[in-house]
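**Q** Can you read through this structure? Questions will come right after.
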Amino acid sequence: MILYLFIFSRHGKMRLKKWFQYFTDKEKTTLTTDLTTVILSRKRSMCNVLEYGEHKVIYKRYASLYFVAGIDWNENELYTLEVIHRYVQLLDEFFGNVCELDIIYNFDKAYYVLDELFMAGELQEPNKKAVIRHINSFEQTCQLDILTRNLEESIK
Amino acid sequence: MFEKTLTDLIRGIRTNKKNEQKYIAACLQEIRQEVRSNDPDVKAVAISKLTYVCSLQMLGYDMSWASFHVVEVMSSAKFLQKRTGYLAATQSFRQDTDVLMLTTNLLKKDLASGNHLEVGVALNGLAHIVTPDLARDLCQDLVSMLNHSRPYVRKKVVLVLYKLFLKFPEALRLSFPRLKEKLEDPDPSVVCAVVNVICELARKNPKNYLSLAPQLFHILNTSSNNWMLIKIIKLFGALTPLEPRLAKKLLPPITQHIQQTHAMSLLYECIHTVITGGMLNLGGNSDSLAAMCVNKLRTFLEDTDQNLKYVGLLALAKILPTHPRLVSEHRDIILRCIDDPDISIRLRALDLVVGMVNKRNCTDIVKRLMAHLLPSSNSDPTANYSPPSTLLEPAYRADIINRIIYICSQNSYSNITNFEWYIAVLVDLTYVSGVKVGEMLAQQIMDVGVRVKSARQYCVKIMQRLISDKNLLENCKLSDSNAEVLYAAAWISGEYCSFLENPVETIEFLIQPGVTKLSHNVQAVYVHAVLKIYAYWANSLVYNWDDDAKQELIQITAKLKDKVGMFSSCTDLEVQERAYNIREIFSIIHQDLINEENNLKEGNDYSSQKAPAIIAELPPLFFFYELNPVAPKAQKKVPIPEGLDLDAWINEPLPESENNESEEEEESYGYGYGQTFGGSGDLIFSNGNGATVGRRRVRKNGRKNGYESEDNEELREKVYVTIYSVLFGN
């Protein structure tokens, strides 16, 4: 299973953090700082697998963002890479040609997409289209809420 | 009132890069106000801003003060706000957050909602914040939701149940039958979720899930969803060690996948499971299967994709113990991977290589590993990599050195053909290691020096190089110094000093002033070595005794007598004691020599053609027997001599009553002294005149050895007298 997933920029700023297992606050900070430094120092031609104590860490760089997933030792690394790729594809479809600013300004939506793809550290929905469909229905409901609110306010 | 929206906040933070902290502090103040507002929308926006600030901007800033407000937002009827609340909860609630109690009812309500989106959001949130209490309370609801009409909900429930099982294991027993049913669910994503959960559970406790094998096998054969196939194959990998027949059945479909699939991840998973699931031990055509796997792994290694190389090496390392020949066919490419600039690949290749070492390639491999420790020299333009910073990392270097020593010392040095070469390698490591491994190197050098007679001469010669090295001495206090290796150098030079080319020179090096900076155990060996070498050298002079020899002896002895004094001021007791001992010896010899000189000068008819007898007494101290290594179990092999019964009484046991009396006496007097010696109760105390009187305590359980015979009475008398004299002063 996947233990944690985070995204950070080329300058080391966190854009998204998701923990699928319980870690203390101190562990979380050490983990994030350690991994950010190590991954930023790796070159492009190196493999995407890092060994970090009891976990393996899989990371991939997409444009200016690094997507990092931590897994157990007996998890399949290539599977995790595919999973990360699937997440990026979903973000791309949802935001339409996603870029870093999209994730910065709509960080909550990025979390919601992640929630539809993963739960409890496992892949929830292998079908890309189904995930998109669910997310869009979420968005529609939200839009409906906003519309009703605006209408109510204008009536007042 | 004008409140900032989330976008405003984010934009504001980005534009205020210079005074970010101040800006954020101001925003937090606003948020505190807004969160208490009665308007639910304002509250929700405030919470979402707070989530952003706390989870992404400021590491370590705590939003637990707002937990109650988060719950308020979570319970809002509007979906948008509810979602925001749950997000805040997942980011900020810890296992011990007190408001979690309030969420139980809220979750129950949301889970029972008719709107599947609300249910979905609640399930997402639950997966993150579940505690043992929540798990217990909500278990029933969740199990009944396994039959929800929407597959969307069913799939989420299955995954949340896994989290529940981790916190509340009872839940697994109760819900397992229902979970099993879901394997037959019409919706493929639900089945996928169930497979994921069972895969995780089976890793911890495979026995319980063997019964599901037939169903899973059916899914394996009918599904084309690669994600699920990978998980199922992994699952079977956990089950096959328990059930060999299962392995036989699985072989055909898995072999088919290996041969036909285009997906690298599936191929890797199949090979990995075949190796770790014990399917190669089935006999029959398992060799061909192993060969097929290894060939596929070779294609991984040859691929330009670094990730494939990594997993290829990982899998090869797993198959190495069972099929070493197959793996060593690809030795060339593995050795090339050791030089890869990527550290992950290098570590995997090193693991593999260490398992592949044999007599023939040992030298080559060690040479390659040592090349890693050397910084890239400018004179080698063909080097196609510049060593990354990790090469200089102490942990990595220590790891390489550990591996080198492991390779060479494995199986009592079975991989080494030329021990002189190995000693040279160890000495080179002293100079290039860059980390503190001196103790390990010293231990290796001594081991080889003692066991391998033929290498001793070379060893002694090389040790001279170490002893005479001033740099090693000067830098001995540095954190990466290997000065500990001088322990071995001094000991070998002392023990096998017959191979020394110039004993006097060696002695000079051993007493140079910088030596007092070394650690105490090394100094102790130095002192002892000085004496050993002196004994040998002086003895060798006896055979060509003439005036020159005598003068030289007098000179050196005088010098040693003085110089050794520097060791006697060391704080360590062992060094001090040895230093004093040998200083006395040198003084005695020197005195003897001077007396002889004087006798000669005074014209006594004293033959000066013979060396002083005392010189001849020294060598037997050290060189009578050769020190050989002794096996740990050697003592047991010594046969007990005839007629010796170790269990028989040595003397007649004393009658019981007398014993008790004597022991009482001991306890009443000897409290202060006797008790410090602990259990066996040896009493040793002084009678005030500087002499000590001792008495062995009589043991209560009747086992006695020592002088408990007719002498006993006399002895006791003597002791009583002493006691009284000390107590009452005569």
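**Q** Could you name the lysines whose alpha carbon sits less than 30 Å from that of B:LYS718, not counting residues in the same chain fewer than 8 places away?
**A** Here the lysines satisfying the reach criterion relative to B:LYS718 are B:LYS700, B:LYS704.
**Q** Express in whole angstrom the spacing between the alpha-carbon centres of the range B:479-494 and the range B:308-359.
**A** Taking the Cα centre of the range B:308-359 as reference, the centre of the range B:479-494 is 34 Å away.
**Q** Please order B:VAL527, B:VAL522, B:VAL158 by the number of other Cβ within 10 Å, starting at the fewest. List each step's numbers first, then the result.
**A** Values: B:VAL527 27, B:VAL522 23, B:VAL158 31.
Listed from fewest to most nearby Cβ atoms, that is B:VAL522, B:VAL527, B:VAL158.
**Q** Rounded to the nearest 500 deg cm²/dmol, what is the calculated helix-only ellipticity per residue at 222 nm for chain B, with -39500 (n - 2.57) per DSSP H run of length n ≥ 4? Can you show the working numbers first?
**A** Numbers: 38 runs with 479 residues, N = 730.
Here the helix-only value at 222 nm equals -20500 deg cm²/dmol.
**Q** Quick check: from the Cα gyration tensor, does the range B:493-552 come out rounded (a/c under 1.5), prolate or oblate? Before the final figure, lay out each step's value.
**A** Values: a/c = 2.88, a/b = 2.01, b/c = 1.43.
The shape class here is prolate.
**Q** Averaged over peptide B:539-545, how many Cβ atoms belonging to another chain are found within 10 Å of each residue's Cβ?
**A** Values: counts 0, 0, 0, 0, 0, 0, 0.
Partner Cβ neighbours, averaged per residue: 0.
**Q** Taking every eigenvalue of the Cα gyration tensor of the range B:133-271, multiplying by 5 and rooting it, what semi-axes result, largest first, whole Å? Don't jump to the answer; show the numbers that get you there.
**A** Numbers: eigenvalues 157, 55, 29 Å².
Three semi-axes, in Å: 28, 17, 12.
**Q** Can you list, bin by bin at 10 Å, the percent of alpha carbon pairs in the protein assembly as shown, starting at 0?
**A** 2, 9, 14, 14, 13, 13, 12, 10, 8, 4, 1, 0, 0, 0
**Q** Mind ranking B:116-124, B:6-14, B:335-343 by how tightly packed they are, going by the mean number of other C-beta atoms within 10 angstrom, highest first? Walk me through the numbers before you get to the answer.
**A** Details: B:116-124: 22.2, B:6-14: 16.1, B:335-343: 18.1.
Listed from highest to lowest mean packing, they are B:116-124, B:335-343, B:6-14.
**Q** Per-residue Cβ counts within 10 Å, from other chains only, averaged over B:155-164: what number is that? All intermediate terms of the calculation are to be shown ahead of the outcome.
**A** Details: counts 4, 6, 0, 4, 7, 2, 1, 5, 6, 1.
For this peptide, the per-residue mean of nearby foreign Cβ atoms is 4.
**Q** Another question, if that's okay. Taking the radius of gyration and the Kirkwood hydrodynamic radius from Cα positions alone, what is the Rg/Rh ratio for chain B, to two decimal places?
**A** Values: Rg = 40.2 Å, Rh = 35.3 Å.
Ratio value, two decimals: 1.14.
**Q** Within 10 Å of each Cβ in A:71-83, how many Cβ atoms from other chains are there, averaged over the peptide? Before the final figure, lay out each step's value.
**A** Numbers: counts 0, 2, 1, 6, 1, 11, 7, 13, 11, 1, 3, 7, 2.
Mean shielding by partner chains, rounded to a whole number: 5.
**Q** For chain B, find the longest principal axis of its Cα atoms and tell me its angle to the long axis of helix B:226-239, 0 to 90°, nearest 10.
**A** For helix B:226-239, the angle is close to 50 degrees.
**Q** Taking Cα centroids, how far is the range B:67-113 from the range A:78-156 in Å?
**A** Spelled out, the Cα-based centre of one part sits 20 Å from the other.
**Q** Can you sort B:THR222, B:THR322, A:THR36, B:THR51 so the residue with the fewest Cβ neighbours within 10 Å comes first?
**A** Values: B:THR222 7, B:THR322 14, A:THR36 19, B:THR51 25.
Exposure proxy ranking, most exposed first: B:THR222, B:THR322, A:THR36, B:THR51.
**Q** Taking H as built 1.01 Å from N, whose amide H comes closer than 5 Å to the amide H of B:GLN512, not counting residues under 5 places away?
**A** Residues meeting the criterion, in which the H sits 1.01 Å from N, do not exist here.
**Q** Now a separate question. Shape call for the range B:299-381 from the C-alpha gyration tensor, a ≥ b ≥ c root eigenvalues: rounded (a/c under 1.5), prolate (a/b greater than b/c) or oblate?
**A** Details: a/c = 2.24, a/b = 1.29, b/c = 1.74.
Oblate, since a/c reaches 1.5 and b/c is not below a/b.
**Q** Can I ask one more? Using only the alpha-carbon atoms, how far is helix A:77-95 inclined from the longest principal axis of chain A? Give it as 0 to 90 degrees, nearest 10.
**A** Approximately 30 degrees, to the nearest ten.
**Q** Tilt of helix B:485-495 relative to the longest C-alpha principal axis of chain B, in degrees (0 to 90, nearest 10)?
**A** Taking the Cα atoms of chain B, the angle to B:485-495 is about 30 degrees.
**Q** Take the alpha carbon gyration tensor of the range B:82-140, find the square roots of its eigenvalues, order them as a ≥ b ≥ c, and report rounded if a/c is under 1.5; if not, report prolate when a/b exceeds b/c, else oblate.
**A** Details: a/c = 1.97, a/b = 1.21, b/c = 1.62.
Because a/c hits 1.5 or more and a/b fails to exceed b/c, the range B:82-140 counts as oblate.
**Q** With θ set to phi - 60° and the Karplus curve 6.51 cos²θ - 1.76 cosθ + 1.60, what are the ³J(HN,Hα) couplings of the range B:307-312 in order, to the nearest whole Hz, using x for Gly and Pro?
**A** Going residue by residue, I get 5, 5, 4, 4, 5, x Hz, with x marking Gly and Pro.
**Q** In whole Å, what is the distance between the alpha-carbon centres of the range A:38-76 and the range B:200-256?
**A** Cα centroid of the range A:38-76 versus Cα centroid of the range B:200-256: 28 Å apart.
**Q** For the pairs A:LYS18/B:LYS4; A:LYS128/B:LYS49; B:LYS561/B:LYS601; A:LYS60/B:LYS309; A:LYS43/B:LYS231, flag any whose C-alpha to C-alpha distance is greater than 28 Å. Intermediate results must be reported in sequence, preceding the final value.
**A** Values: A:LYS18/B:LYS4 26 Å; A:LYS128/B:LYS49 30 Å; B:LYS561/B:LYS601 24 Å; A:LYS60/B:LYS309 16 Å; A:LYS43/B:LYS231 31 Å.
With Cα atoms farther than 28 Å apart: A:LYS128/B:LYS49; A:LYS43/B:LYS231.
**Q** Amide H to amide H under 5 Å from A:ARG15: which residues, 5+ apart in sequence or cross-chain, H placed 1.01 Å off N in plane?
**A** A:ILE7, A:PHE8, A:SER9
Since every read-out is calculated from the coordinates, none of them should be taken as a lab result. Small disclaimer: the values here were computed from a predicted structure and weren't measured. All Cβ positions, glycine included, derive from the backbone under ideal geometry; neighbour counts span all protein chains shown.
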